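First up is the structure itself, then whatever we jot down about it.
Where a number appears in this text, it was derived from the coordinates with a stated rule and is not lab data. Bear in mind that the values here come from a model prediction, so they are computed numbers and not experimental data. Backbone-built Cβ (ideal geometry, glycine too); neighbour counts: all protein chains shown.
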Amino acid sequence: MSDFLAESYAWVKFLHVISVISWMAGLFYLPRLFVYHAEQIEAGTKTDGLFQVMERRLLRGIMNPAMIATWIFGLALVLTPGIVDWSMIWPWSKAASVLGMTWFHMWLAGRRREFAEGRNTRTGRRYRMMNEVPTLLMVVIVASVIVKF
């Protein structure tokens with residue numbers, strides 16, 4: 001198995017990066033949709049239904065598969081011999097940030113459910129603030145992997 005991972009390292013890394021880009025695009029866009037949904041759209045209207053379709057398709061059709069692929073290819077990279085030095089800080093800071101990103105993804109899924117049920121209580125301002133979470137986590141992840149502190 002380790003021979004296979006070592007031989008396919010470049011392809012696995014390629015697939016991991018593509019998955020991360022797709023996941024991040026959704027993590028940036030879904031809270032932005034929530035801002036407009038919370039500020040501009042009245043529950044039960046035709047536009048509310050349209051926003052719900054967009055939010056559901058983004059989450060289920062793009063974000064969920066991208067998150068799963070990111071995890072699968074990321075774990076394959078971790079299991080590739082000689083790639084991760086667990087005595088350094090960077091793999092731990094990256095792992096903690098990826099767990100934070102996954103928590104944020106699940107938080108967004110919960111908020112989407114609230115919109116679908118007509119129970120959103122958060123303001124557009126709150127969604128704007130939460131929209132900064134993936135950016136901060138991304139900075140830590142990229143710094144961890146590139147600088148390897």
Revision key, fill the gap. Within segment 22-34, residues being loosely packed, with under 15 Cβ neighbours inside 10 Å and more than 16 Å from VAL133 (Cα to Cα) number 0
Exercise for review: Please identify the pairs in which a residue from segment 49-67 that is closer than 18 Å to VAL98 by Cβ has its Cβ atom under 9 Å from the Cβ atom of a residue that is assigned to a helix (DSSP H, G or I) and of a type in the set (D, E, K, R), counting only partners at least 6 apart or on another chain.
Suggested key: none
Review point. Out of all the residues in segment 46-76, which are more than 21 Å from ASN120 (Cα to Cα) and out of contact with any helix residue (DSSP H, G or I) (no Cβ under 6 Å at 6 or more places or on another chain)?
Key: GLY61, ASN64, PRO65, ILE68, TRP71, ILE72, LEU75
